[in-house]
Structures are given as C-alpha cells and as structure tokens.
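Below: one structure, written as structure tokens.
Coordinate-derived values only; no laboratory data. Predicted, not measured: the structure shown is a model, and the values here were computed from it. Ideal geometry is used to build each Cβ from the backbone, glycine not excepted, and the neighbour counts take in all protein chains shown.
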Amino acid sequence: MLVKHFMSRKVITIPQEMTCFEAYRTLQGHKIRRAPVTGKKDRLVGIISERDLLRILPGTPAQASTKAGEAGMDTTVDKVMITQLHSLFPFDHLDKAVAMMLKHKIGGIPVVDQEMNLEGIITESDIFKALWGFFSYSGGTRLLFQEGMGSKKEHLDPIALCNETKCVVNALLRHRLAEESTMYYLCIEGEKVQELIEALREDEYKVLLVQRNE
C-alpha cells in the first residue's frame, strides 16, 4: 500500500506572498484545514493551517479595525507558515504516513518528488477512506479471529490455510494486541470457506466473527 494510491492529487496551494486574511478565506472556501505553501516555480516551501492563521488574525470585526488587527490581516503567509516540513514520497508505504502523523501530531503531509515539487497531499481523511475501503468489501465472507492469549503454540499462517482451502484473499489486516496475542481481519471468497473456518479452529484460533455477504 503506497502513499501514491491514497493521496489527493488535486491540491489547493497557497502562494507565500498571499495575505493571511486571503489564505484563511481560501481554506474556508474550499472547506479544508491546511494547505501547502508554494514559492518560486511552485516549489513547496511550507504548510499553513487554520490554526496558524487564527493565531494572528483578529477574532472580531472590532479587533480588525485596530492597528494590530490590520497588521494581522495584511501579514503575508511566509511570516506565519511552518517551514520545518515533514514530507513523503509517492512510493513511501502508507504505514509511514500514519506513523509520521501520530509521532508529530499532524493531520496532513505534503507528498513531493526528489526536487521538492509538490505531487499531492495525504491527510487523516485519506487514511480513514483507505481503511474504509479495506473494511467495506461487499463480497465474500468476512472473518475476525484471534490467536489464543498467552499461547506458546506456533500457529499456521492464515494465508497458508487459505491456499490449502483454495480461498481467494481479498483483504487481510493484522493487529498485535497488548495481551501477547494477534487479531486478524480476513475477507475471502471460495467454496470451502467453512473448511477454512474449521481449520482455524483446529489450529486453536478463536473465531470471533463470521459474516457472509450476499
């Protein structure tokens, strides 16, 4: 799963010479919370968010008429934008994007080429859409199963069991639980799904959910 498959390619950008007031109106108009900032030759030079802009813009019409308010509205984006950028390449794995967002507590990351030309942006919304795509497969059978907690048994690989029963794997997600166990989400198709379920149980997997989609 690569970043390029899930990023947004139609990116709203903010020129670095735009005023903070104009930038805020641009974000509001496109219903987005952040945007990459571009400089000469449309190179990526920073990123700006609603939060950054609201720190400098006046909060009320009365404040806007003051000298400080006027100065805030006329301040250009390059004075406020974040320049210590976290960026990704299109061929980075999606898990790198997730790890970066969690580590730095950010909601969006620009995607660039080797010369820092903007290719797209990936946001937390794009991540959620990707997960929805994995979980919402409409065909076949969905299984949720778990290794025995604290078990020292070497379980068979679920993919190997699928191959043995000639079940086609449409999606497989794996999550390590705190109880020294692993949970699996598996979406499959085939005529021997029940045989696979029995094989999982024989191998001491705990089958938590079987959902057959019509």
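For the chain, take the longest principal axis of its alpha carbons; what is the angle in degrees between that and the long axis of helix 20-30, to the nearest 10 within 0 to 90?
40
Please list, by residue number, every one of the trypsin sites (Lys or Arg not before Pro) in the stretch 86-149 that is coil in DSSP and has at most 13 other beta-carbon atoms within 10 Å.
Here the trypsin sites (Lys or Arg not before Pro) that fit, given the DSSP loop and packing criteria, are K105.
Tell me, what is the FRET efficiency for W132 and L177 to the nearest 0.05, using R0 = 35 angstrom and their Cβ-Cβ distance as r?
So the FRET efficiency works out to roughly 0.95.
Run the helix sum for the chain: -39,500 (n - 2.57) per DSSP H stretch of 4+ residues, divided by residue count, reported at 222 nm to the nearest 500 deg cm²/dmol.
Taken over the chain, the calculation gives -9000 deg cm²/dmol.
Would you calculate the convex hull of the Cα atoms in the chain and tell me its volume per residue in Å³?
In the chain, the Cα convex hull volume per residue is 167 Å³.
If Lys and Arg each add +1 and Asp and Glu each add -1, what is the summed charge of the other residues whose beta carbon sits under 12 Å from the beta carbon of P158?
Combined, the nearby Lys, Arg, Asp and Glu give -3.
Say R0 is 45 Å: what FRET efficiency, to the nearest 0.05, do E154 and S125 get from their beta-carbon distance?
0.70
Highest GNM mean-square fluctuation, the chain, Cα pairs closer than 10 Å: which of E124, E17, E179?
Most flexible of the set in this elastic network: E179.
Which net charge results when you count Lys and Arg as +1 and Asp and Glu as -1 among the other residues whose beta-carbon is under 13 Å from that of S87?
-2
So what are the ³J(HN,Hα) numbers for the stretch 39-48, from phi and the Karplus equation (6.51, -1.76, 1.60; θ = phi - 60°), rounded to whole Hz, Gly and Pro as x?
x, 5, 6, 6, 6, 6, 10, x, 9, 10
With labels modelled as points extended 7 Å from the Cα through the Cβ direction, what inter-label distance (nm, one decimal) is found for R201 paired with V168?
Computed distance between label sites R201 and V168 equals 2.7 nm.
Just need the relative contact order of the chain here, percent rounded to a whole number, with Cα pairs under 8 Å and 6+ apart.
Reported as a whole number, the value is 19 percent.
How much net charge surrounds G29 when only the other residues with a Cβ under 15 Å from the Cβ of G29 are counted, with Lys and Arg +1 and Asp and Glu -1?
+3
Indicate the gyration tensor shape class of the stretch 137-212 (rounded, prolate or oblate), computed on the Cα atoms with a ≥ b ≥ c the square roots of the eigenvalues: a/c under 1.5 is rounded; otherwise a/b larger than b/c is prolate and the rest oblate.
Prolate shape, in that a/c is at least 1.5 and a/b is the bigger ratio.
What angle do you read, to the nearest 10 degrees and between 0 and 90, between the alpha-carbon axis of helix 124-135 and the longest principal axis of the chain?
Computed tilt is about 20 degrees.
With +1 on each Lys and Arg Cβ and -1 on each Asp and Glu Cβ, and nothing else charged, work out how big the dipole of the stretch 3-131 is about its Cα centre, in Debye to the nearest 20.
220
Residue separation times 0.36 nm, minus the C-alpha to C-alpha distance between D95 and L144: what's the value?
Taking 0.36 nm per residue and subtracting the Cα distance, the gain is 15.5 nm.
Quote to one decimal, in nm, the extra length available between L54 and Q211 on full extension: 0.36 nm per residue of separation minus the C-alpha distance between them.
This chain segment gains 51.8 nm when fully extended.
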